[in-house]
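Right, one structure below, let's go through it.
Rule-based calculations on the coordinates, nothing more; no lab input. Note that the structure is predicted; figures quoted are calculated from it, not measured. Cβ: placed from backbone, ideal geometry, glycine included. Neighbour counts: every protein chain shown.
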Amino acid sequence: MYQQRRNMRSEIIDAIGDKKIITFTYSGKHRKVEPHCLGENASGNIILRGYQIDGGSISREPEGWKLFKVEGISSLEILDADFDVRKDYKRNDSAMSKIISQI
C-alpha cells in the first residue's frame, strides 16, 4: 500500500510539472482535475490542490478549487491533455505546511 501511494505521489508530481489534466475517483465520485500543488498539511496528510473541471462532488460544486487527500484518491490517470495555470492560483498554498511540488 505504501508503495502504491508513493507511485501515485510521483505521478501527481509529474502531472503538475507537465501541466497535464488528471482523472481519479475520490469519495465515490469520478473527477477531472488540473493539478496545481501537492503538499503536506499540518496533520501530516499529503494533499493535492487542484481545479476540478468536471465530475462529481459531495459539495455539489462540480467545478472549482478543491483540496484532496492523496490517500483518498484511486484510479488515477494522467491524460494527454494540457492545461494553463489558473489566473487565480496562489503559490505557496496556505493549507499546506510543506510544499512538495507546485506550478
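Computed quantities for the displayed model
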{"read-out": "Average projection area in nm² (convex hull over Cα atoms of the chain, one quarter of hull surface)", "value": "6.1 nm²"}
{"read-out": "Helix-derived mean residue ellipticity, 222 nm - over the chain, DSSP H n ≥ 4, -39500 (n - 2.57), to 500", "value": "-5500 deg cm²/dmol"}
{"read-out": "Rounded to the nearest 20 debye, dipole of the chain from Cβ charges on Lys, Arg, Asp, Glu", "value": "340 debye"}
{"read-out": "Candidate lysines for bridging to K87, where Cα separation is under 25 Å - those fewer than 8 sequence places away on the same chain excluded", "value": "K19, K20, K32, K66, K69, K98"}
{"read-out": "Most to least packed among 70-80, 49-59 [average Cβ atoms within 10 Å]", "value": "49-59, 70-80"}
{"read-out": "Spin-label model distance (nm) - E77 vs W65, 7 Å beyond Cα toward Cβ", "value": "2.9 nm"}
{"read-out": "Selected from K29, K69, K87 as most flexible by GNM, with the chain as the system and alpha-carbon contacts under 10 Å", "value": "K87"}
